[in-house]
Amino acid sequence: MFDALVPVKAAGAVGKGVGAAVGAAAGAGAGGVAKFSVDPDQAQKMIDGLKEALRQLLKLRNDGERLQLAGAPGPDPYSGYATLAMRTTAGSEPGGYLWANEQAQKALEQTIKNIEKALAEYRATDEAAQTAMKG
């Protein structure tokens, strides 16, 4: 086993659930970095899963962008107000969907880098130990 680090931010509005879920799963508080143990034999599966999650976030980002371009379904003022609210909720301002999506992408990218770095360090240490034992 080796330890990997996961960035965990204190998040607001829409992103709060994502930050809380990652933090709870990794054992972190309201922000900073969480540490967890990874079986080296399973590390690549974890990296591949995180990369797939990142691909899915990129696809979902397109949906958020389409919501920002959507027009009102009718000419009445209520449809217009609902459309403005939908665009704000889908937007890139803090708390909006696109903002939360971007924050999640950054966290996944950093987590992948951290796991890859920790795995490389683990393997280098393991190889050095094996070499030292051979003599």
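A short reminder: the numbers here are calculations on the coordinates, not readings from a lab. These figures come from a predicted structure and were not determined experimentally. Here the Cβ is made from the backbone with ideal geometry for all residues, glycine too, and neighbour counts use every protein chain on show.
A few comments on the model shown:
- Shape category assigned to segment 33-135 from the gyration tensor of Cα positions, a/c cut at 1.5: prolate
- Rough spin-label spacing in nm, given labels placed 7 Å along Cα→Cβ, for Lys35 and Leu54: 2.4
- A Cβ-based charge dipole, computed about the Cα centre of segment 40-134 with Lys and Arg at +1 and Asp and Glu at -1, lands at about 100 debye.
- Gln110-Lys45 pseudo-label distance in nm [points 7 Å out on the Cα-to-Cβ vector]: 2.7
- Extension gain from Thr83 to Glu121, taking 0.36 nm per residue of separation minus the Cα-Cα distance: 8.6 nm
- Pairs exceeding 18 Å between alpha-carbon atoms, taken from Lys59/Lys106; Lys51/Lys106; Lys45/Lys106; Lys59/Lys117: Lys45/Lys106; Lys59/Lys117.
- Taking segment 40-134 and dividing mean pair separation by its residue count, relative contact order in percent (alpha carbons under 8 Å, at least six apart): 29
- Within-12-Å neighbourhood charge of Leu60 [Cβ basis; K, R +1; D, E -1]: +1
- Shape analysis of segment 77-135 places it in the prolate category; the axes a ≥ b ≥ c from the Cα gyration tensor give an a/c of at least 1.5, with a/b above b/c.
- Label-point separation, Glu65 to Met133 (7 Å along Cα→Cβ), nm: 5.2
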